[in-house]
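First comes the structure, then the notes that go with it.
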Amino acid sequence: MSRELHRFREMDVDVAVYGADARRVAAVERLFAEWDRVFSRFRPHSELALVNASRAPVVVVSALFARALRAGLDAAAETGGLVDPTLGAALEAAGYDRDFAAVRPDARPTGPPAPGRGRSVRLLGRVLVRPPGLRLDLNGVVKALAVDDALALVAGDGLVSAGGDVAVRGGAVVGLPRGGSVRVESGGVATSGITHRQWLRGGAVQHHLVDPRTGRPAVSRWSEVTVVGPTCLAADVAAKAAFLLSDDGPDWLDEHGLAGRFLTHDVAVTNGVWRDCPPEAA
(Lines give C-alpha, C1' and ligand atoms only; values in the text may rest on other atoms or scores of the structure.)
Protein backbone atom coordinates (compact mmCIF):
# COMPACT_ATOMS: atom_id res chain seq x y z
CA MET A 1 0.00 0.00 0.00
CA SER A 2 1.29 3.48 -0.83
CA ARG A 3 1.89 5.62 2.25
CA GLU A 4 1.95 8.82 0.24
CA LEU A 5 -0.84 11.38 0.31
CA HIS A 6 -1.88 12.37 -3.21
CA ARG A 7 -3.78 15.61 -3.80
CA PHE A 8 -5.61 17.09 -6.76
CA ARG A 9 -8.53 19.45 -7.36
CA GLU A 10 -11.79 18.46 -9.03
CA MET A 11 -15.50 19.21 -8.63
CA ASP A 12 -14.47 22.61 -7.20
CA VAL A 13 -12.94 20.96 -4.08
CA ASP A 14 -9.58 19.67 -2.94
CA VAL A 15 -9.36 15.88 -3.09
CA ALA A 16 -6.88 13.76 -1.11
CA VAL A 17 -6.16 10.04 -1.51
CA TYR A 18 -4.11 7.94 0.92
CA GLY A 19 -3.22 4.27 0.57
CA ALA A 20 -3.29 4.00 -3.24
CA ASP A 21 -0.51 3.42 -5.73
CA ALA A 22 -0.08 5.67 -8.76
CA ARG A 23 -2.34 3.55 -10.97
CA ARG A 24 -5.20 3.65 -8.49
CA VAL A 25 -4.72 7.34 -7.82
CA ALA A 26 -5.08 7.92 -11.55
CA ALA A 27 -8.30 5.90 -11.49
CA VAL A 28 -9.61 8.05 -8.65
CA GLU A 29 -8.75 11.20 -10.59
CA ARG A 30 -10.63 9.87 -13.62
CA LEU A 31 -13.63 9.05 -11.43
CA PHE A 32 -13.90 12.58 -10.04
CA ALA A 33 -13.39 14.11 -13.47
CA GLU A 34 -16.16 11.95 -14.92
CA TRP A 35 -18.56 12.83 -12.13
CA ASP A 36 -17.86 16.52 -12.64
CA ARG A 37 -18.51 16.20 -16.38
CA VAL A 38 -21.84 14.49 -15.68
CA PHE A 39 -23.18 16.43 -12.68
CA SER A 40 -21.80 19.98 -12.84
CA ARG A 41 -24.50 22.66 -12.87
CA PHE A 42 -22.04 25.02 -14.54
CA ARG A 43 -20.83 23.01 -17.52
CA PRO A 44 -23.28 23.78 -20.34
CA HIS A 45 -22.87 20.30 -21.84
CA SER A 46 -22.91 18.25 -18.62
CA GLU A 47 -25.61 15.61 -18.54
CA LEU A 48 -27.28 17.46 -15.67
CA ALA A 49 -27.37 20.71 -17.65
CA LEU A 50 -28.79 18.92 -20.70
CA VAL A 51 -31.45 17.13 -18.64
CA ASN A 52 -32.46 20.41 -16.99
CA ALA A 53 -32.61 22.15 -20.37
CA SER A 54 -34.79 19.49 -21.94
CA ARG A 55 -38.49 20.33 -22.24
CA ALA A 56 -39.44 16.70 -22.71
CA PRO A 57 -41.35 15.23 -19.75
CA VAL A 58 -39.51 11.91 -20.19
CA VAL A 59 -35.78 11.51 -20.76
CA VAL A 60 -33.41 8.54 -20.75
CA VAL A 61 -30.36 9.18 -18.60
CA SER A 62 -27.03 7.39 -18.22
CA ALA A 63 -26.58 4.61 -15.70
CA LEU A 64 -24.36 6.88 -13.57
CA PHE A 65 -26.91 9.69 -13.62
CA ALA A 66 -29.70 7.28 -12.71
CA ARG A 67 -27.69 5.90 -9.81
CA ALA A 68 -27.01 9.34 -8.34
CA LEU A 69 -30.59 10.47 -8.84
CA ARG A 70 -31.83 7.29 -7.15
CA ALA A 71 -29.54 8.09 -4.21
CA GLY A 72 -30.99 11.59 -4.10
CA LEU A 73 -34.57 10.32 -4.13
CA ASP A 74 -33.72 7.77 -1.45
CA ALA A 75 -32.17 10.55 0.65
CA ALA A 76 -35.37 12.56 0.28
CA ALA A 77 -37.42 9.58 1.47
CA GLU A 78 -35.10 8.90 4.40
CA THR A 79 -35.10 12.52 5.58
CA GLY A 80 -38.77 13.36 5.09
CA GLY A 81 -37.92 15.50 2.08
CA LEU A 82 -35.21 17.57 3.78
CA VAL A 83 -32.47 16.48 1.37
CA ASP A 84 -34.12 17.06 -1.99
CA PRO A 85 -32.63 16.63 -5.51
CA THR A 86 -34.94 19.21 -7.13
CA LEU A 87 -33.50 22.48 -5.78
CA GLY A 88 -31.63 23.68 -8.85
CA ALA A 89 -34.04 26.59 -9.41
CA ALA A 90 -33.84 27.61 -5.74
CA LEU A 91 -30.05 27.79 -5.86
CA GLU A 92 -30.18 29.87 -9.03
CA ALA A 93 -32.79 32.19 -7.47
CA ALA A 94 -30.44 32.75 -4.53
CA GLY A 95 -27.63 33.72 -6.93
CA TYR A 96 -25.61 30.50 -7.00
CA ASP A 97 -25.73 30.21 -10.78
CA ARG A 98 -22.01 29.87 -11.57
CA ASP A 99 -18.87 28.34 -10.09
CA PHE A 100 -18.62 29.58 -6.53
CA ALA A 101 -15.29 31.29 -7.19
CA ALA A 102 -17.10 33.51 -9.71
CA VAL A 103 -20.04 34.44 -7.45
CA ARG A 104 -19.94 38.13 -6.56
CA PRO A 105 -22.16 40.44 -4.47
CA ASP A 106 -25.20 41.33 -6.53
CA ALA A 107 -27.61 44.15 -5.69
CA ARG A 108 -30.45 42.56 -7.63
CA PRO A 109 -33.16 40.91 -5.51
CA THR A 110 -33.34 37.15 -5.25
CA GLY A 111 -35.61 35.25 -7.59
CA PRO A 112 -38.89 33.74 -6.44
CA PRO A 113 -38.72 30.88 -3.92
CA ALA A 114 -38.62 27.40 -5.45
CA PRO A 115 -39.59 24.73 -2.89
CA GLY A 116 -38.55 21.13 -3.44
CA ARG A 117 -40.61 19.01 -5.81
CA GLY A 118 -39.07 15.61 -5.17
CA ARG A 119 -42.44 13.86 -5.14
CA SER A 120 -43.02 14.89 -8.74
CA VAL A 121 -39.98 12.93 -9.95
CA ARG A 122 -40.17 9.29 -11.06
CA LEU A 123 -37.21 7.15 -12.03
CA LEU A 124 -37.85 3.83 -13.75
CA GLY A 125 -34.48 2.25 -14.39
CA ARG A 126 -32.83 4.87 -16.60
CA VAL A 127 -36.10 6.54 -17.57
CA LEU A 128 -36.65 9.86 -15.80
CA VAL A 129 -40.14 11.34 -15.64
CA ARG A 130 -40.55 14.84 -14.25
CA PRO A 131 -42.43 18.06 -15.02
CA PRO A 132 -40.77 20.18 -17.72
CA GLY A 133 -39.00 23.12 -16.16
CA LEU A 134 -38.04 21.28 -12.99
CA ARG A 135 -34.33 21.80 -12.37
CA LEU A 136 -32.41 19.04 -10.65
CA ASP A 137 -29.37 19.56 -8.44
CA LEU A 138 -27.65 16.39 -7.25
CA ASN A 139 -24.88 17.99 -5.24
CA GLY A 140 -26.62 16.80 -2.09
CA VAL A 141 -25.35 13.29 -2.81
CA VAL A 142 -22.84 13.40 -5.68
CA LYS A 143 -19.67 14.37 -3.81
CA ALA A 144 -20.21 11.84 -1.03
CA LEU A 145 -21.06 9.09 -3.52
CA ALA A 146 -17.88 9.88 -5.43
CA VAL A 147 -15.84 9.67 -2.21
CA ASP A 148 -17.31 6.26 -1.38
CA ASP A 149 -16.71 5.01 -4.92
CA ALA A 150 -13.16 6.36 -4.88
CA LEU A 151 -12.39 4.49 -1.67
CA ALA A 152 -13.55 1.29 -3.38
CA LEU A 153 -10.78 1.87 -5.95
CA VAL A 154 -8.13 1.95 -3.21
CA ALA A 155 -6.75 -1.52 -2.56
CA GLY A 156 -6.71 -2.41 1.12
CA ASP A 157 -6.73 0.22 3.84
CA GLY A 158 -6.97 3.83 2.79
CA LEU A 159 -8.71 7.18 2.91
CA VAL A 160 -10.35 9.53 0.43
CA SER A 161 -11.31 13.09 1.28
CA ALA A 162 -13.08 15.63 -0.91
CA GLY A 163 -13.92 19.06 0.40
CA GLY A 164 -13.79 17.73 3.96
CA ASP A 165 -16.06 14.73 3.36
CA VAL A 166 -14.14 11.55 4.13
CA ALA A 167 -14.38 7.78 3.63
CA VAL A 168 -12.03 5.53 5.61
CA ARG A 169 -11.10 1.86 5.61
CA GLY A 170 -8.54 0.52 8.07
CA GLY A 171 -8.55 3.40 10.56
CA ALA A 172 -7.67 7.08 10.36
CA VAL A 173 -7.78 10.21 12.48
CA VAL A 174 -10.03 12.80 10.82
CA GLY A 175 -9.79 16.48 11.72
CA LEU A 176 -12.91 18.39 12.70
CA PRO A 177 -13.94 21.94 11.81
CA ARG A 178 -12.47 24.48 14.21
CA GLY A 179 -10.25 21.90 15.90
CA GLY A 180 -10.37 18.47 17.42
CA SER A 181 -10.44 15.12 15.66
CA VAL A 182 -12.14 11.73 15.59
CA ARG A 183 -10.71 8.31 14.91
CA VAL A 184 -12.75 6.28 12.44
CA GLU A 185 -11.96 2.63 11.78
CA SER A 186 -14.31 2.19 8.83
CA GLY A 187 -17.00 4.51 7.52
CA GLY A 188 -17.53 8.12 6.63
CA VAL A 189 -17.34 11.60 8.12
CA ALA A 190 -19.13 14.54 6.52
CA THR A 191 -19.71 18.18 7.40
CA SER A 192 -22.49 20.41 6.11
CA GLY A 193 -22.46 24.09 6.89
CA ILE A 194 -22.44 27.66 5.69
CA THR A 195 -19.06 28.87 6.92
CA HIS A 196 -17.33 28.82 3.55
CA ARG A 197 -20.09 29.27 0.94
CA GLN A 198 -21.92 32.53 1.52
CA TRP A 199 -22.56 35.50 -0.75
CA LEU A 200 -24.67 38.66 -0.92
CA ARG A 201 -27.72 38.96 -3.13
CA GLY A 202 -30.11 41.87 -2.83
CA GLY A 203 -28.24 43.05 0.27
CA ALA A 204 -28.90 39.79 2.17
CA VAL A 205 -26.57 36.91 2.96
CA GLN A 206 -27.33 33.77 0.94
CA HIS A 207 -25.90 30.25 1.17
CA HIS A 208 -26.15 26.90 -0.61
CA LEU A 209 -28.09 24.86 1.97
CA VAL A 210 -31.63 25.40 0.76
CA ASP A 211 -34.63 24.39 2.85
CA PRO A 212 -36.90 22.52 0.40
CA ARG A 213 -39.92 23.45 2.50
CA THR A 214 -39.45 27.15 1.73
CA GLY A 215 -37.28 27.15 -1.37
CA ARG A 216 -34.94 29.61 0.33
CA PRO A 217 -31.52 29.25 2.03
CA ALA A 218 -32.21 27.62 5.37
CA VAL A 219 -32.36 29.44 8.68
CA SER A 220 -30.55 27.24 11.20
CA ARG A 221 -29.09 27.58 14.65
CA TRP A 222 -25.94 25.85 13.44
CA SER A 223 -23.05 27.07 11.32
CA GLU A 224 -21.73 23.54 10.71
CA VAL A 225 -22.83 19.98 11.47
CA THR A 226 -20.46 16.99 11.34
CA VAL A 227 -21.76 13.41 11.32
CA VAL A 228 -19.96 10.07 11.52
CA GLY A 229 -21.76 7.32 9.59
CA PRO A 230 -21.31 3.91 7.99
CA THR A 231 -20.49 5.56 4.64
CA CYS A 232 -19.64 9.06 3.50
CA LEU A 233 -23.02 9.26 1.76
CA ALA A 234 -24.94 8.30 4.91
CA ALA A 235 -22.96 10.82 6.96
CA ASP A 236 -23.42 13.59 4.40
CA VAL A 237 -27.17 13.14 4.01
CA ALA A 238 -27.61 13.05 7.79
CA ALA A 239 -25.45 16.15 8.29
CA LYS A 240 -27.56 18.13 5.82
CA ALA A 241 -30.81 16.98 7.40
CA ALA A 242 -29.58 17.76 10.92
CA PHE A 243 -28.47 21.23 9.83
CA LEU A 244 -31.85 21.97 8.28
CA LEU A 245 -33.69 20.72 11.38
CA SER A 246 -31.84 23.30 13.49
CA ASP A 247 -32.73 22.78 17.19
CA ASP A 248 -34.24 19.37 16.40
CA GLY A 249 -31.09 18.16 14.64
CA PRO A 250 -29.39 16.45 17.62
CA ASP A 251 -32.52 14.47 18.54
CA TRP A 252 -33.03 13.44 14.90
CA LEU A 253 -29.51 12.04 14.75
CA ASP A 254 -30.09 10.20 18.04
CA GLU A 255 -33.20 8.61 16.58
CA HIS A 256 -31.12 7.40 13.65
CA GLY A 257 -28.23 6.15 15.80
CA LEU A 258 -25.68 8.56 14.33
CA ALA A 259 -23.07 10.63 16.14
CA GLY A 260 -23.11 14.35 15.43
CA ARG A 261 -21.19 17.48 16.40
CA PHE A 262 -22.93 20.84 15.99
CA LEU A 263 -21.17 24.20 15.83
CA THR A 264 -22.61 27.65 16.42
CA HIS A 265 -20.42 30.70 16.08
CA ASP A 266 -18.96 30.16 19.57
CA VAL A 267 -20.16 26.79 20.94
CA ALA A 268 -19.73 23.12 20.03
CA VAL A 269 -22.61 20.78 20.93
CA THR A 270 -22.69 16.99 20.59
CA ASN A 271 -25.71 14.72 20.47
CA GLY A 272 -26.44 11.78 22.76
CA VAL A 273 -24.93 9.13 20.47
CA TRP A 274 -21.66 11.08 20.27
CA ARG A 275 -21.53 11.51 24.04
CA ASP A 276 -22.47 7.89 24.81
CA CYS A 277 -20.07 6.38 22.26
CA PRO A 278 -17.55 9.02 21.23
CA PRO A 279 -16.20 8.45 17.70
CA GLU A 280 -12.69 8.88 19.14
CA ALA A 281 -13.20 5.48 20.81
CA ALA A 282 -14.48 3.74 17.67
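General observations
- Estimated inter-spin distance, ARG7 and GLU78, nm [label 7 Å along Cα→Cβ]: 3.1
- Karplus-derived HN-Hα couplings along the range 83-95 (A = 6.51, B = -1.76, C = 1.60, θ = phi - 60°), whole Hz, x at Gly and Pro: 9, 10, x, 10, 9, x, 5, 5, 5, 5, 5, 7, x
- With R₀ set to 22 Å, the beta-carbon distance separating ASP266 from HIS196 gives a calculated FRET efficiency near 0.80.
- Computed helical MRE - 222 nm, the chain, DSSP H runs ≥ 4 contributing -39500 (n - 2.57), nearest 500: -9000 deg cm²/dmol
- Only Lys, Arg, Asp and Glu carry charge here, each on its Cβ (+1 for the first two, -1 for the last two); on that basis the range 202-282 has a dipole of about 280 debye about its Cα centre.
- Rounded to the nearest 20 debye, the dipole magnitude of the chain is 980 debye, with +1 charges on Lys and Arg beta carbons, -1 on Asp and Glu beta carbons, and the Cα centre as origin.
- Per residue, the range 5-281 exposes an accessible area of 44 Å² to a 1.4 Å probe, with every protein chain left in place.
- Length-normalised contact order of the range 1-100 in % [C-alpha pairs under 8 Å, at least 6 apart]: 16
- A cut-off of 5 Å between modelled amide H atoms, ignoring neighbours fewer than 5 places along the same chain, links ARG117 with THR86.
- In Hz, Karplus ³J(HN,Hα) per residue of the range 41-47 (6.51, -1.76, 1.60; θ = phi - 60°; x = Gly, Pro): 6, 10, 8, x, 10, 5, 4
- Remark: spin-label model distance LEU124-ASP97 equals 3.5 nm, labels positioned 7 Å along the Cα→Cβ axis.
- Extreme residue, positive dipole direction of the range 5-281, given options ALA56, ALA16, ALA167 (C-beta unit charges): ALA56
- Surface composition of the range 212-254: carbon and sulfur atoms hold 53% of the protein heavy-atom accessible area at a 1.4 Å probe.
The values are calculated or read from the model by the stated rules, or taken from the named source; none is laboratory data. Everything numeric here is computed off the predicted structure, so don't read it as measured data. Cβ: placed from backbone, ideal geometry, glycine included. Neighbour counts: every protein chain shown. Ligands, DNA and RNA are excluded from the accessible area calculation, which covers all protein heavy atoms including side chains. Shrake-Rupley method; radii C 1.70, N 1.55, O 1.52, S 1.80 Å.
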